[in-house]
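Chemist: Have a look at this one.
The values are calculated or read from the model by the stated rules, or taken from the named source; none is laboratory data. Owing to the predicted nature of the structure, the values given are computational and were not obtained by experimental measurement. Virtual Cβ from ideal backbone geometry, glycine too; neighbours counted across all protein chains shown.
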């Protein structure tokens, strides 16, 4: 049995735990020629440079703002979708609708961005039609100031369906007799929604908010790498792309690792803090 | 269960056999609005695919005519023929297919063995290992450390660098482990008493019972490998080794012109780009019907809750 466990354990140790040791580079002036051991220690110099780096400031601001906008839009979207699906009584239609909603979750961001370009992009279908009719074209995929909203809508198109599954599961576990009792007391549909449904998913909403706070500094890499050229780094650079371009491409290994390290620590603090906060509100935390 | 027909019933009311008795029937305008909303959302999800596939099958005449091409009047496979003539796209498809086939098998084997080992209470230390795995779910080593690990292992610019780091997904592991834990211990005990060792029990007894869940995670892994993009950006230097998503980005998303092979003069570039996009997407679309039934029928939600 331990032999069965061995490959998996080795995998996690080699690809998840040992690399954590590599964070030591944040305190060194790493050079690929010298290797990790031989590169000289520089203490907190990389962290000091972080504080005054303008590109990092932009990346940080973008990360926080984009995450906020995405959540502000996507959270209600997935809840609304869950409520909508839950209210569909015709099973076949409901299943088809769900299938259609869950599909984009399985597509790569490359595919998603390409699809968006072909439909709402500068030379996409919609703009082609508008130009033919003599109306001007609109530019939502190349517009830097609109980018955060574009990112939110793309995220919703891709993930809101999938995220609604968790909420749907919570909705289906609400005790039906609560609805019956409310209806008996004369509550109409809207009142039942406010009094039974929304409180019923309170727990899962809190849980999702905790997880969101914990990942406030992470946005994923691909959605932003793909569009960085189209809208420019001022709008699209996020911490993850910054780390990549500055570290791997730019060779500033120490600084980029320091960014990653701080990101991880802050993320941990945030998630534990949010967890504690939720418990103080009387909700179950994530742990 | 059919509601009794009464005078003034709406003609489609026989569909509403699932309406619980305490729920009032909403107004016709409300139901129409809801149906409209559902239709619009569904169209928004589906339209991009329909459009892209249509254009990819269009010929010169269709594209010159412009306008909204939903069904090309002169459908042709020219774009696909051009693109698959050899060169960048064909190579990338080969790479992706190979990676997906090999990677999925490796991932499923790795996940299943560890999940089984962690699912039996008799294994000392399984709790510790489980904690270790769940910990990785929350805390990643970071981009640079991961990159350097691959570098130190001498795996930069190799296919292994695309497969090895993702061998076991903590999420999939938990799902499979939960499933295995639901297999009654008696069956396993009696197999042991018949002299089978752990591997035999896994192979002969547990796996045949787990076909559905194994299919699901195989599909999860397969799709994830097919979609590999960032890791390729990070680790690969040779354009020869590019998986399909890299090619898709280069020639469709970023719009760099393709200079490969002989491009027929009458093959419009848009149809070629769409063909590449369709090729990158179709395998996922093909396996999706097998995948989606697990979610729409709530089979997986139980596992997720756990």
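Chemist: Going by what's in this entry, would residue A:94 be described as in contact with a strand residue (DSSP E or B) (Cβ under 8 Å, 6 or more places away or on another chain) and either surrounded by 17 or more Cβ atoms within 10 Å (Cβ to Cβ) or closer than 30 Å to residue B:278 by Cα (or both)?
Modeler: No.
Yes/no matrix, rows are residues, columns are (1) modelled with pLDDT of 90 or more; (2) within 28 Å of residue B:136 (Cα to Cα):
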| position | (1), (2) |
| --- | --- |
| A:30 | no, yes |
| A:54 | yes, no |
| A:58 | yes, no |
| A:61 | yes, yes |
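Chemist: Do any helices (runs of 4 or more DSSP H) lying entirely in segment A:12-107 carry at least 3 residues that are in contact (Cβ under 8 Å) with a residue 60 or more places away in the chain and touching a helix residue (DSSP H, G or I) at 6+ places or on another chain (Cβ under 7 Å), and which ones are they?
Modeler: In segment A:12-107, the matching helices (runs of 4 or more DSSP H) lie at A:45-51, A:54-86, A:91-102.
Chemist: Determine, yes or no, whether residue B:235 is under 23 Å from the mean Cα position of the chain (by Cα), modelled with pLDDT of 85 or more, buried (at least 22 other Cβ atoms within 10 Å of the Cβ) and under 19 Å from residue B:156 (Cα atoms).
Modeler: Answer is yes for this residue.
Chemist: If I filter segment A:246-266 for residues that are touching a helix residue (DSSP H, G or I) at 6+ places or on another chain (Cβ under 7 Å), surrounded by fewer than 18 Cβ atoms within 10 Å (Cβ to Cβ) and facing chain B (nearest Cβ under 10 Å), do I get at least one hit?
Modeler: no
Chemist: Against the conditions (1) more than 8 Å from chain B (Cβ to nearest Cβ); (2) not in a loop (DSSP other than H, G, I, E, B), where does residue A:179 fall short? Just the number, please.
Modeler: Unmet condition: (1).
Chemist: Follow-up. Can you name every residue in segment B:144-178 that is buried (at least 19 other Cβ atoms within 10 Å of the Cβ), in contact (Cβ under 8 Å) with a residue 60 or more places away in the chain and part of a helix (DSSP H, G or I)?
Modeler: Selection gives B:147, B:150, B:161, B:162, B:163, B:165, B:172, B:173, B:174, B:175, B:176, B:177.
Chemist: Sort out which residues of segment A:187-205 are within 11 Å of chain B (Cβ to nearest Cβ) and either outside any helix (DSSP H, G or I) or under 30 Å from residue A:107 (Cα atoms) (or both), and write them in order of number.
Modeler: Those that are within 11 Å of chain B (Cβ to nearest Cβ) and either outside any helix (DSSP H, G or I) or under 30 Å from residue A:107 (Cα atoms) (or both): A:187, A:188, A:204.
Chemist: Output the number of residues of segment B:1-35 satisfying the condition of being at pLDDT 85 or above, within 12 Å of chain A (Cβ to nearest Cβ) and assigned to a helix (DSSP H, G or I).
Modeler: 5
Chemist: Continuing with the same structure: Scanning segment B:109-127 for residues that are more than 10 Å from every other protein chain (Cβ to nearest Cβ) and surrounded by fewer than 20 Cβ atoms within 10 Å (Cβ to Cβ), which turns out farthest from residue B:243 (Cα to Cα)?
Modeler: B:121
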